[in-house]
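Here is the structure we will look at.
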Amino acid sequence: MENQAKDEKGKFDKENHGLSLLMYRENILDLYKYPHNFGSLNQATHSHREFNALCGDDITIKLIINNKDNKIENIKFQGSGCAISMASASLLTDEIKGKTLKEIETIDKDKILNMLQIPISSVRLRCALLCLDALKGALK
Amino acid sequence: MKQHFPIFENNPELVYLDSAATTQKPKQVIDAITSFYEKENANIHRGLYGLSIEATKKYEEARKIIADFINADENEIIFTSGTTHAINMLVYTIDSLTWTEKGKGKNEIVLSEMEHHSNLVPWQQLAKHFGYKLKFIPITDNFELDHNKAREIITDKTAILSITHTSNALGTINNAKELINLAKQKNPDVITIVDAAQSVPHIKIDVKELDCDFLAFSGHKLYGPMGIGILYGKKEVLDKLRPFHFGGDMIKSVTLEASEFQPVPNRFEAGTQNIASVIALGEAIRFINRIGLSKIQDHEKQLKKYALTKLKTIKNIDIYHSSNTDNTSSIISFNLKGIHSHDLASLLNDYNIAIRAGHHCCMPLMSALNITGTARISFGIYNTKEDIDKLCDALIKIQEVFNK
Ligand SMILES: Cc1ncc(COP(=O)(O)O)c(C=O)c1O
């Protein structure tokens, strides 16, 4: 990913924000300003808070899982953090809502990076994956 | 000035605003390291041949230059790997000074709310193992230490006072002298320590005037190499301090049963030291002396003024800097509303602008300020007004993208 970021960098016009446009594509910024599935869930069956002390990013994921069909009936997240952590939490919660636990088993780092569709440098990886850690914690 | 620093030749676009993390290195310092390994490499204090004698001489010359720089005596300068190492070494052995008959009942360690983790976490450990109580001098709304509160917090039970001279997160220069005096009035046997990692590179330090027992700083923030730092200790205090490490070089004589140690400072430098870096740090101080610390200070002061004025014209900016700018260093922390400092630093990187973002190893300070982090810029002698112009232009553009 880092190499990719470097390669892409050369192609972009610095004056035109260079990599920043790529890294913070408009939909990422939109999700930061208007996150999806943001808020609390009263009747959550599962929840977990994950904290990234380094950045101060802080995400709590709450889910309602139907114990008959193991389907995620609803999911919300709350917290604060950088654009990358907030956007990836929006994308992840969108992605898994309505799916069964079986269906989301395969969600991993690559899946998250794919959803974000922007190059994430190694130092920002933890931001992108915080929501996944929160989800895994909740499902444990 | 940039021409003295090869990093700028190799990265011509670089706007480096992170000297508080580490300064760039002048060619003269890099050359000193290369030259040592290419022409003079030998271990010190051991060989009886020319190279070793020469290496020993240069090593001790560097000690003298460093001592003069802070108005200490040569035998009060102990080489460490950095500030963190220096403070830790002290924490491991300070009981030999404080855990004494006289020290009975004196069970408080006083620090401040704006300490770097390296002047906090080690003391937490000491407190845990010896049952000391940690107390903290709070900060005022103007990002300074509250000396009125300090007068209550420091008591006759204060065994140790360890204070940062300049805050790496806020740039505030603390009145360490007054706090040290205060502590000594309350307990004449108190051990006082100054974390000078951020002050030694920028303001004239006189350990005799400060009257501290110990003072720690890092070479790499002082235009010197990484992996070398200094623990200054007052001679009569060092004489009572137990050595940190035992082994070669620190002994006078050894039998199978027992050993006699060298006098200070050698008894605190066991094993082969980072000789090349010591010599290069001496060279870094020669470099500073040639320019003149007061000239460096003036330059940085002007930059700081310029930057503060210019930053204040940016909309939706929060600046965490004392209004008493005579008592601040060239470090400015800020946040743009609605933009996480890490996003800001990542985006500035695209403009080749290097800044630090986050909690700056001061998580308790961030909590006290009720924030999770800041964007921080800090200057060195190579920075220019143009660097600040580029930063401000970029900040405005980033704001436009974010607020679109
Ligand atoms: C105030 C302060 N104290 C201590 C340190 C630790 O220095 P080092 O990492 O060189 O040991 C730093 C470095 O950031 C600092 O700014």
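The values are calculated or read from the model by the stated rules, or taken from the named source; none is laboratory data. Since this is a predicted model, take the numbers as computed values, not measurements. Cβ: placed from backbone, ideal geometry, glycine included. Neighbour counts: every protein chain shown. Note: accessible area is taken over every heavy atom of the protein model, side chains too, but ligands, DNA and RNA are not part of it. Shrake-Rupley method; radii C 1.70, N 1.55, O 1.52, S 1.80 Å.
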At 1.4 Å probe size, with every protein chain present, just tell me what the per residue accessible area of region A:14-139 comes to in Å².
47
With -39,500 (n - 2.57) per DSSP H segment of 4 or more residues and division by the full residue count of chain B, the 222 nm estimate, nearest 500 deg cm²/dmol, is -11500 deg cm²/dmol
I'd like the mean, over residues of A:114-125, of how many other protein chain beta carbons sit within 10 Å of each residue's own Cβ.
1
Calculated P(r) tail over 45 Å for the protein assembly as shown, as whole % of Cα pairs
25
Largest-first ranking of A:E73, B:E38 by accessible area, probe 1.4 Å, whole protein assembly kept, is B:E38, A:E73
Got a sec? Charge dipole of region A:14-139, +1 on Cβ for Lys and Arg, -1 for Asp and Glu; which of A:V123, A:T106, A:I64 is way out at the positive end?
A:I64
Other chains near B:334-346: what is the mean number of their Cβ atoms within 10 Å of each residue's Cβ?
5
Antiparallel bridge percentage (DSSP; both residues within chain B; nearest 5):
60
Subtracting the Cα-Cα distance from 0.36 nm times the residue separation, let me have the gained length for A:F51 to A:N27 in nm, one decimal.
6.2 nm
Share of carbon and sulfur in the accessible heavy-atom surface of the protein assembly as shown [1.4 Å probe, %]
50
Once phi for every residue in region B:374-390 is put through the Karplus expression 6.51 cos²θ - 1.76 cosθ + 1.60 (θ = phi - 60°), the whole-Hz ³J(HN,Hα) values, with Gly and Pro written as x, are 9, 8, 10, 10, 8, 10, x, 5, 8, 6, 9, 4, 4, 4, 5, 4, 4
Using only the alpha carbon atoms of region B:292-402, find the Kirkwood hydrodynamic radius as the inverse mean reciprocal pair distance, in angstroms to one decimal.
14.5
With a 1.4 Å probe, how much accessible area is buried between chains B and A, both sides summed, in Å² to the nearest hundred?
1800
Cα-based Rg and Dmax for region B:30-288, in Å, come out at 18.8, 61
What residues have an amide H closer than 5 Å to that of B:I137, excluding those fewer than 5 places away on the same chain, when H is modeled at 1.01 Å from N in the peptide plane?
B:L111, B:S112, B:E113
Can you spot the lysines whose alpha carbon is less than 19 Å from B:K186's alpha carbon? Ignore those fewer than 8 places along the same chain.
B:K102, B:K104, B:K106, B:K133, B:K135, B:K149, B:K157, B:K177
Set Lys and Arg Cβ to +1 and Asp and Glu Cβ to -1, take the dipole of the protein assembly as shown about its Cα centre, and tell me which of B:T158, B:G292, B:V264 lies farthest positive.
B:T158
Nearest-0.05 FRET efficiency for A:D94 and B:D393, computed from C-beta distance (R0 41 Å)
0.70
Using θ = phi - 60° and Karplus 6.51 cos²θ - 1.76 cosθ + 1.60, couplings along region B:83-92 (whole Hz; Gly, Pro as x):
4, 4, 4, 4, 5, 5, 4, 5, 4, 6
Please compute the average number of Cβ atoms from other chains found within 10 Å of each residue's Cβ in peptide A:57-64.
1
Cut-off under 5 Å, modelled amide H: who pairs with B:I228 long-range:
B:G219, B:H220
What number comes out for accessible area per residue over region B:1-128 if the probe is 1.4 Å? Units Å², please.
46
With +1 on the Cβ of every Lys and Arg and -1 on the Cβ of every Asp and Glu, and nothing else charged, how large is the dipole of chain B about its Cα centre, in debye rounded to the nearest 20?
460
Karplus-derived 3J(HN,Hα), 6.51/-1.76/1.60, for each residue of region A:77-86, Hz, glycine and proline x:
10, 9, x, 8, x, 7, 4, 5, 5, 6
How large is the accessible surface of B:I163 in square angstrom, using a 1.4 angstrom probe and rounding to the nearest 10?
0
Check which residues have an amide H placed less than 5 Å from A:T45's amide H, if you skip close sequence neighbours.
A:L63, A:I64, A:I65
Hey, quick one: spin label on B:E152, modelled 7 Å out along Cα-Cβ, who in region B:169-186 has an amide N within reach, i.e. under 20 Å?
B:179-180, B:182-186
Just how large is the dipole of the protein assembly as shown about the Cα centre, in debye to the nearest 20, putting +1 at every Lys and Arg Cβ and -1 at every Asp and Glu Cβ?
720
Against the longest principal axis of chain B, how steep is helix B:275-291, in degrees 0 to 90 to the nearest 10, with axes from Cα atoms?
50
Farthest positive-ward along the protein assembly as shown dipole, Cα basis, beta-carbon charges - from A:G81, A:T93, B:L369
A:T93
Quote the charge dipole size of region B:292-402 about the Cα centre in Debye, to the nearest 20; the model charges only the Cβ of Lys and Arg (+1) and of Asp and Glu (-1).
200
